[in-house]
Amino acid sequence: MNNLFLIKQSLDKLYNEYNFRERLSYDPIEFPHKFTEPEDVEVVGFIASSFAYGRIDLFKAVIERILKIMGKKPYDFLINLDIHHYRNLFAGINYRFSSNDDITAFIFVLHKVLREYGRLENLFKCNYSRDDENIGKALTAFVNAFLNIKNKGVRRRSGGFLHFFPSPEKGSACKRLNLFLRWMVRDKDIDMGIWKGIPKNKLVIPLDIHIARISRCLGFTRRKSADWFAAVEITESLRSFDSEDPLKYDFALCHQGVTKVCSELRCKECSLFTHKL
């Protein structure tokens, strides 16, 4: 048996043994799972994924605070946002790189996009083509739609605002946006799968430091930077294991890193290491 087969065998075993439902409460996807209407699932997923970095207890508290303001129908809240008073509603909310001004600007541009396109799915699909190698081109246009919204009343171009909207065009791995797209497109395990017509194999892996480290170890990429190009390379490697659903292995790889099973100090102890490419 060659190494490629052995790695696939190990990853399949990790995937099949992964308890997705048990993990739900430790993952930001728990927030869109609290809603049933597709339009609510979508906007809550977008908000939750946008803040999903750093310590989980800290970003969950921020997401909960924002969603509490929006109430039981967050989509209706955003569509009918009172642009004269919304900043008062979200006053005092900030998180790491993003000030209160950055977060209110984020809420405002989300409102404007929904007013123009109806759904985030509609915006994304405006620029998606079946002929595209992956979702990179559509994601770049998706991000630009938010950045092109004019809003004189809010300081929009700060780093804390731009942090919400990284772009493949600028080389960013776009981890949180790819996480959101995985939730929306992929229809297995705990992912929501409410966007139809985009194949799962067009998705790009949500690349974080854990997946980047183990992927370099296994030979999925040689890039030292955890950037867009590395994310595409890793996804292509995983596609050789499952051509239709390469991101199924996202869970197994990320879990190996998050739980410290995989770390640079214990690399040779990892069950996957002996099969590295």
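Brief remarks follow.
- Farthest positive-ward along the chain dipole, Cα basis, beta-carbon charges - from 190, 228, 11: 228
- Most positive-pole-ward Cα, 173, 144, 67, against dipole of segment 56-173 from beta carbon charges: 67
- At full extension, residue 100 and residue 127 could sit 6.6 nm farther apart than now, given 0.36 nm per residue minus the alpha carbon distance.
- Extreme residue, positive dipole direction of segment 24-93, given options 28, 91, 54 (C-beta unit charges): 91
- Within-9-Å neighbourhood charge of residue 233 [Cβ basis; K, R +1; D, E -1]: +1
- Note on the chain: with neighbouring protein chains present and a 1.4 Å probe, carbon and sulfur make up 50 percent of its accessible heavy-atom surface.
- Calculated FRET value between residue 72 and residue 157, using beta carbons and R₀ = 41 Å, to 0.05: 0.75
- Considering only alpha-carbon pairs that sit under 8 angstrom and 6 or more positions apart, the relative contact order computed for segment 2-65 is 23 percent.
- Kirkwood Rh and Cα Rg combined as Rg over Rh, evaluated for segment 1-142: 1.06
- Note on residue 5/residue 56: beta-carbon distance plugged into 1/(1 + (r/R0)^6) with R0 of 35 Å gives a FRET efficiency of 0.50.
- Once the chain from residue 225 to residue 188 is taken as fully extended at 0.36 nm per residue, the excess over their C-alpha distance is 10.4 nm.
- For the chain, the equivalent ellipsoid built from the Cα gyration tensor has semi-axes of 34, 19, 18 Å, listed from largest to smallest.
- Segment 1-117 - percent relative contact order, Cα under 8 Å, separation 6 or more: 16
The values are calculated or read from the model by the stated rules, or taken from the named source; none is laboratory data. If you're wondering where the values come from, they're calculated on a predicted model, not measured in any experiment. Glycine also receives a Cβ, built like all others from the backbone with ideal geometry; neighbour counts cover every protein chain displayed. The area values use the complete protein model at the heavy-atom level, side chains included, leaving out ligands, DNA and RNA. Shrake-Rupley method; radii C 1.70, N 1.55, O 1.52, S 1.80 Å.
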